[in-house]
Amino acid sequence: MAGDRIMMGLDIGSCMTRAVIGSVSRDGQLMIDALCEKPSEGVRSGSILNIEQALKVVNSVINEAELQAGVEINAAVLGVGGDHIVGIPSNGVVPINNMEQEVKRDDIFRSIDVAKAVDLPRDKEILHVLVQEFIVDSRAGIKDPIDMTGHRLESKVLLIGGNSSVCQNQRKCVQKAGLQVQRVMLQAVADSEVVLSAEEKEMGTILINIGGGTTNMIAYNQGGPVYAGGVALGGEAVTNDIAYILNKPKQLAEQIKCEYGSCYVPSVSPEEVVLIPQVGGMPPERIAKKALAEIIEPRMAEIFIMLQSKLEKLNIQKGFGGGVVLVGGGSMLSGVADLASEIFRMPARVGFPEAMGGLDRSYINPQYSTVLGLLKSEAKKVAIVNSSNSKKDKEPRAVFGKIKGLFGRLF
């Protein structure tokens with residue numbers, strides 16, 4: 001459609017590299033034009049270890065997506081995650097100096113700039129500045145301070161930092177593929193764009209993406225993010241355990257995990273037996289499904305316990321009325337919600353990305369939440385900018401109205 005903006009989201013994961021192309025109308029309506037994926041190479045635990053191997057896959061995915069969509073892309077939104085991600089709480093305080101003593105947009109930007117002025121480790125770079133709340137004088141819990149009267153504005157934010165070399169290697173790989181990196185975005189933030197509602201963020205929800213080599217987590221409370229991070233363990237660790245204990249090739253172990261695996265032993269009947277294929281034409285091997293679950297459960301429990309301990313160390317354990325939401329390929333494992341519920345001691349469910357125009361139903365699947373979220377986030381920004389520009393002359397205050405309440409997405 002004339003006037004539509006064409007965009008790409010690119011997620012270079014430990015197991016799969018995915019690209020999605022979509023067109024965004026001036027009012028922010030997103031239409032998915034192509035979604036392609038290939039097994040990753042040269043990537044481990046969310047970090048590129050061999051740029052040439054990773055580049056080969058990235059080129060293939062981009063070319064196939066462009067062919068499907070019938071367009072040529074020159075820039076992409078890039079997702080990153082892993083155990084190198086850190087969330088650093090910060091705050092910035094500024095005086096309100098204008099004649100009306102009203103909070104203006106510039107006051108908010110000044111307070112956020114102050115909040116960003118922290119000493120990060122030399123190997124870290126800021127990826128996001130996510131607003132938690134604003135405080136005007138002594139009034140806390142404010143989401144939208146514009147035009148409020150006061151003398152002092154405080155912005156409480158969560159700075160999202162990532163390892164500079166990890167992020168730079170991702171950028172370099174994309175640039176070698178002939179694309180500009182439009183923005184680097186935390187994978188967990190992208191997940192939340194298409195899986196969590198505003199009500200769930202307000203209630204307090206922990207969102208966990210169980211990938212192949214990493215597991216990422218972001219926690220929301222009262223509408224704002226209170227934690228972001230990850231661990232260098234994922235579904236591949238479970239596959240490796242099965243391969244080692246059952247003495248099977250890794251590819252067969254992955255198949256066994258996906259077809260017969262469960263990570264919650266109490267839900268598996270002791271009488272249930274599965275047939276495990278053998279290599280070399282040997283007859284299938286019979287194994288109790290409960291025995292397979294006893295291999296899988298400890299590793300999945302370890303992942304959840306590691307994440308829970310990160311929240312406990314920061315004393316972030318209460319206020320999660322929305323429970324735990326699980327996405328990523330690992331969330332498709334049977335019993336995963338039951339195990340997460342038991343460890344986190346709160347309700348848990350598997351989350352699915354929202355339906356979008358042009359998106360085949362087969363992609364409304366937890367493992368595609370990140371790549372779809374990258375595109376959804378950019379579509380929202382396009383809608384905000386276009387709406388503000390279209391009303392700038394006739395309704396100058398409407399520009400501020402569109403900005404109100406949107407700072408969490410803008411930063």
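The values are calculated or read from the model by the stated rules, or taken from the named source; none is laboratory data. Worth saying up front: this structure is predicted, and the values here are computed from it rather than measured. Cβ placement follows ideal geometry from the backbone for every residue including glycine, while neighbour counts extend to all protein chains displayed.
The table that follows gives values for the structure above.
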{"read-out": "Qualifying residue in the range 265-273 (condition: surrounded by fewer than 16 Cβ atoms within 10 Å (Cβ to Cβ), of a type in the set (Asp, Glu) and assigned to a helix (DSSP H, G or I))", "value": "no"}
{"read-out": "Members of the range 141-176 that are of a type outside the set (S, T, N, Q) and either closer than 19 Å to residue 187 by Cβ or part of a helix (DSSP H, G or I) (or both)", "value": "158, 159, 160, 161, 162, 166, 167, 171, 172, 173, 174, 176"}
{"read-out": "Test: residue in the range 219-236 that is in contact with a strand residue (DSSP E or B) (Cβ under 7 Å, 6 or more places away or on another chain), over 30 Å from residue 142 (Cβ atoms), hydrophobic (A, V, I, L, M, F, W, C) and without any contact (Cβ under 8 Å) to a residue 60 or more places away in the chain", "value": "no"}
{"read-out": "Yes/no for residue 20 being buried (at least 20 other Cβ atoms within 10 Å of the Cβ), in contact (Cβ under 8 Å) with a residue 40 or more places away in the chain, assigned to a strand (DSSP E or B) and in contact with a strand residue (DSSP E or B) (Cβ under 6 Å, 6 or more places away or on another chain)", "value": "yes"}
{"read-out": "Boolean, residue 334 is polar (S, T, N, Q) and over 22 Å from residue 204 (Cβ atoms)", "value": "yes"}
{"read-out": "Test set (1) at pLDDT 95 or above; (2) assigned to a loop (DSSP other than H, G, I, E, B); (3) in contact with a Pro (Cβ under 9 Å, 6 or more places away or on another chain) - residue 346 fails condition number", "value": "(3)"}
{"read-out": "Meets criteria (free of Cβ contacts under 8 Å to residues at least 24 places away in the same chain and farther than 19 Å from residue 366 by Cα) for residue 64", "value": "no"}
{"read-out": "Subset of the range 276-287 [over 25 Å from residue 237 (Cβ atoms) and surrounded by 10 or more Cβ atoms within 10 Å (Cβ to Cβ)]", "value": "284"}
{"read-out": "Residue satisfying condition, being over 16 Å from residue 327 (Cβ atoms), of a type outside the set (D, E, K, R) and touching a helix residue (DSSP H, G or I) at 6+ places or on another chain (Cβ under 9 Å), within set 244, 220", "value": "244"}
{"read-out": "Scope the range 78-122; condition in a strand (DSSP E or B), out of contact with any helix residue (DSSP H, G or I) (no Cβ under 8 Å at 6 or more places or on another chain) and surrounded by 14 or more Cβ atoms within 10 Å (Cβ to Cβ); matching residues", "value": "86, 87, 88, 89, 102"}
{"read-out": "Selection count where residues are under 24 Å from the mean Cα position of the chain (by Cα) and in a helix (DSSP H, G or I), scope the range 231-253", "value": "5"}
{"read-out": "Verdict on residue 187 being over 24 Å from residue 88 (Cβ atoms) and within 18 Å of the chain's Cα centre (by Cα)", "value": "no"}
{"read-out": "Looking only at the range 67-100, and only at residues there that are in contact (Cβ under 8 Å) with a residue 40 or more places away in the chain and charged (D, E, K, R), the one that is farthest from residue 191 (Cα to Cα)", "value": "100"}
{"read-out": "Members of the range 328-343 found to be under 14 Å from residue 317 (Cα atoms) and in contact with a Pro (Cβ under 7 Å, 6 or more places away or on another chain), listed by number", "value": "341"}
{"read-out": "Test: residue in the range 327-342 that is part of a strand (DSSP E or B), surrounded by 23 or more Cβ atoms within 10 Å (Cβ to Cβ), modelled with pLDDT of 95 or more and not small (Gly, Ala, Ser)", "value": "yes"}
